[in-house]
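Heads up: the structure comes next, in structure tokens.
The values are calculated or read from the model by the stated rules, or taken from the named source; none is laboratory data. Owing to the predicted nature of the structure, the values given are computational and were not obtained by experimental measurement. Positions of Cβ are backbone-derived with ideal geometry, glycine not excepted, and every protein chain shown enters the neighbour counts. Each accessible area value is taken on the protein alone, full model and side chains, heavy atoms only, with ligands, DNA and RNA left out. Shrake-Rupley method; radii C 1.70, N 1.55, O 1.52, S 1.80 Å.
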Amino acid sequence: MKANPLIRAWLESLTAGCIEYTHDWRDTEVPAVRLMGSGVKRVFTDFERSPRHAAARRYRYFVQEDGQMVFALPREATAEEIVYVAGDFNGWEQAVGNPDWQMQPGELDGEPMLLWTGSAEQFWAEPHLRFKFVTAEHQWLIVPENAPNAVRGAAGNVNHELDPERTGRQFFHFKLKKPLDLSHAWRITPVAKGVDGVVLQPGEFFFSLRTDLPMGAVVRRGNTQFRLFAPRANEVKLFITAQLGDTAPVEIVELERNADEPYVWETTLKGNRHGSYYWYQLDGVRDATGRFDPDVKVLDPYALATVNHTGPGIVIERAGLDPADRGFVTPQWQDLVMAEVHVRDLAAHAPVDATPQERLGFTGLRKWVESPDFYLHDLGINCVELQPVQEFDNRVREEYHWGYMTVNWFAPASGYAMDPAKASGIGELQALVAAFHRRGMAVVLDVVYNHQGEPGHLLFIDKLYYFEQDADGQLSNWSGCGNDLRAHAAMAKRLIIDSCKHLIETFGVDGFRFDLAELLGSDVLCEIEVALKKVKRDVILIAEPWSYRGHIAGALRDTGWSSWNDGYRDFVRDFVRGGGTAETFEYYIKGSPWYWAKWPAQTVNYTESHDDRAWIDVITENPHNNGMSPTANDRRRTQLMAAVLFASIGIPMIAAGQDFLHSKGGVNNTYQRGDLNALDYRRLFRFPGTHAYFADWIAFRRSDAGRLLRLWQRPSEGYFKIVNAPGSTASAVIYNFDGSQGRERLLFAVNPTLADLTIPLGETIPTTADWRQIADHERFFSGHGVRQPVESELFLPALGCGLWVGET
């Protein structure tokens, strides 16, 4: 077999495409190639060299005829106006702020671009030089997954590579008389014998294919309609049965293409098939871009219920479902006090009358929520963030799982249902949400739309359409889970939006926390926001704004999304152990203003989540990070953390059990360790003082006096006054210093060091204020107790803090 001079080929529409050679084509004659598929040869009506700037979108650079290098960045790649090109040739970070490397607005073939132009000679070297684009705020822009010149460094960083053999002369463009059928495999091969050629795969236009037709199994007018979007399938079969079991009779129906929308497969069966079980089997393109297998049972992505993670799906008549609890008034974001919770962790050892089977899921947790002793209600929480409750890939019902490997985004987790074969999870999840609402608690669902668990059913519907791949066709893995959803594909985006709408309308949930939201991208998140606010105007939207690829908190600051603040988490863990700086403390206590949050509730402040070790295991003085038996300083630092957390501007979030020092014994990754994650409520009796301290801070924050911590909009410049102890991170914060929010003021002072000290308030404190201490590092005062006066030299004991209310 001769060496293949072709590297890739793609369609730009059904009648036009592009071919790329391994290096610049320097011949004056165009190459001789042919297009073959299903034994049929297709004739080009036009075949010519592409303009050099055709390389811009894929390689992010090209060389003009005059020898000038052009770096090109499509405007859609960033909302930032100031962008620099940086690389091995200019010291990377040193390019930021240097006008010589700033890109300028321009166009290529009418497409808005940011461009940089200069002599190409300085960019050719061995080994090849690398580059990337960076904003004025030092945010590195992501290299597209399918960039042919993407290279990964030893540290895992991905950059573009400059190759003197690929300067923009390696592309050719072709046109066809008749549209190609996407359900067939096509190849571009050189005419010369003995050369294999390359797969012709759909390009960017493919991912805009969509339909607005209703999807899934829909009962309508006494009949049941089934629809599936599968643009490259050539056969789709529906298997449906009224019973489960190997001997149950199965009806097999071949779906037909919709007459007007040929990428939609459909059929209508007579009768109301509510409660029936069904799955699909598909065949289609069998090349490197597809994973069609006619023997694989595929769970409908729009199935409203499923027996288990492999299927089958269950036909559900929407009209027969109980109405969701939509009467609950979701608290305003700035009033939220959140707890991240897991269904089984809360229910496993709850002091309620529940069977072992009930404790595995929604019913057991509902009984605990309805109990007069429900722990989170006593704590004062008004919003729970439930770890994933959509169908995930636990192998048997009893298997413990965090739920972040979801396989269907409409069906409640069958492992949490009492009778999944009868779709009981729908009513049980509805009842659980309603129970939380009766307790005055909003329900935010942790949703995982960035990848799929196993089996990845969408892979067998269309691997290329639904999943990101690199230039070699390998699945992207920035989620760390083996596949990354192509969220910008039109029907993937619709699937996400339709799923969220369903969860709001059917279950009455109040909002969502999007796992690894960076992988969806800020543009897709903005579209999701617009769509969901049409369904629920006050929907809570929270992003986990990172992935292994990058971080987008800064890109979300002009949106209606809030974000988990990992910087806050890391800082406070360090701060209570004497680390950090006074300047960083000021940034986080003020709500991470401007870069992270343009409005106060745009930061979700937390110090523990399901990931990694429990808080107490991170900060404990004990060996091996084992906080099961915390030291006195461990407890003191935990209460100091609580004071800082609830005194910080933003949305505070705790992990369930954090207030009674829940420990996982130092184990770092407990995603399948239900024994370690389940809450041991006896620790409430071991550490009642810490629990009470959390509860009192929450009560204060939610009180009228605490309104100065619950800001709806960015405060005035003079709202805060911060004074630091010399040479220390100990600090005092005055809220409403300028009186812009009325006569009342708050003073919060904290000393995270192991030495007593004083903070020189001097004349900072308004002399007319009548200050009254309401809390210290041990307790909130209720009648008895020695209260500390506010003096010009404010004393703070080691690992101590205080809270005062003053009025002028």
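Shape class for the stretch 391-532, computed from the alpha carbon gyration tensor (a ≥ b ≥ c): oblate, with a/c not under 1.5 and a/b at or below b/c.
Pairs of Cα atoms in the stretch 85-136 fall into 5 Å distance bins, from 0 up to the last occupied one, in shares of 4, 18, 26, 25, 16, 9, 2 percent. Our coupling estimate for the stretch 268-282, obtained by passing each phi through the Karplus curve with A = 6.51, B = -1.76, C = 1.60 and θ = phi - 60°, is 10, 9, 5, x, 7, 9, 3, x, 6, 10, 8, 7, 10, 9, 10 Hz, Gly and Pro reported as x.
Of the chymotrypsin sites (Phe, Trp or Tyr not before Pro) in the stretch 121-199, the ones in a loop by DSSP (not H, G, I, E or B) with at most 16 other beta carbons within 10 Å are 124.
Each pair of Cα atoms in the chain enters the Kirkwood radius, and Stokes-Einstein at 37 °C and 0.692 mPa s then converts it into a translational diffusion coefficient of 112 µm²/s. Accessible surface of the stretch 140-187, 1.4 Å probe: 48 percent of it comes from carbon and sulfur atoms.
When you filter the GluC sites (Glu not before Pro) in the stretch 50-145 for DSSP loop state and at most 14 other Cβ atoms inside 10 Å of their Cβ, you are left with 65, 81, 137.
A straight Cα-to-Cα reach below 13 Å connects residue 237 with the aspartates and glutamates 251, 254, 256, 266, 283, 293, 295, 300, residues fewer than 8 places away in its own chain not being considered. Taking a straight line from the alpha carbon of residue 534, these aspartates and glutamates sit under 20 Å away, with near neighbours fewer than eight places off in the same chain left out: 212, 325, 498, 505, 510, 523, 558.
Summary of the geometry: the stretch 87-115 and the stretch 164-239, compared by the centres of their Cα atoms, lie 35 Å apart.
For residue 8, nonlocal amide neighbours, meaning residues 5 or more places apart or on other chains whose placed amide H falls under 5 Å from its own, are 20. For the stretch 161-267, applying the loop criterion from DSSP together with a ceiling of 16 other beta carbons within 10 Å to the trypsin sites (Lys or Arg not before Pro) yields 177, 193, 221. What shape does the stretch 641-772 take by its C-alpha gyration tensor, where a ≥ b ≥ c are the square roots of the eigenvalues and a/c under 1.5 counts as rounded, a/b above b/c as prolate, and the rest as oblate? Here the stretch 641-772 falls in the prolate category. Spatial offset of the stretch 785-804 relative to the stretch 515-567 amounts to 40 Å, using the alpha carbon center of each. Judged by the mean number of other Cβ atoms found within 10 Å, the most tightly packed of the peptides 37-43, 573-579, 717-723 leads the ranking 573-579, 717-723, 37-43. Sorting 294-302, 238-246, 360-368 by their mean Cβ neighbour count within 10 Å, with the most densely packed peptide first, gives 360-368, 294-302, 238-246. Sequence-distant contacts, meaning Cα pairs under 8 Å at least 6 residues apart, place the relative contact order of the stretch 682-753 at 22 percent. Beta-bridge orientation, the chain: approximately 80 percent antiparallel, per DSSP, counting only bridges with both partners inside. Remark: the chain carries 39 Å² of accessible area per residue (probe radius 1.4 Å; ligands, DNA and RNA excluded). For residue 467, the amide hydrogen comes within under 5 Å of the amide hydrogens of 486, counting only partners 5 or more places away or on other chains and with H modelled in the peptide plane. Remark: the Cα gyration tensor places the stretch 677-752 in the oblate category, a/c being 1.5 or greater and a/b not exceeding b/c. Mean sequence separation of contacting Cα pairs (under 8 Å, at least six apart), scaled by the length of the chain, corresponds to a relative contact order of 9 percent.
Residue ranges 621-634, 303-316 sort as 303-316, 621-634 when ordered by packing (mean number of other C-beta atoms within 10 Å per residue, highest first). With a threshold of 21 Å on the Cα-Cα distance, the over-threshold entries among 41/463; 493/533; 493/598 are 41/463; 493/598.
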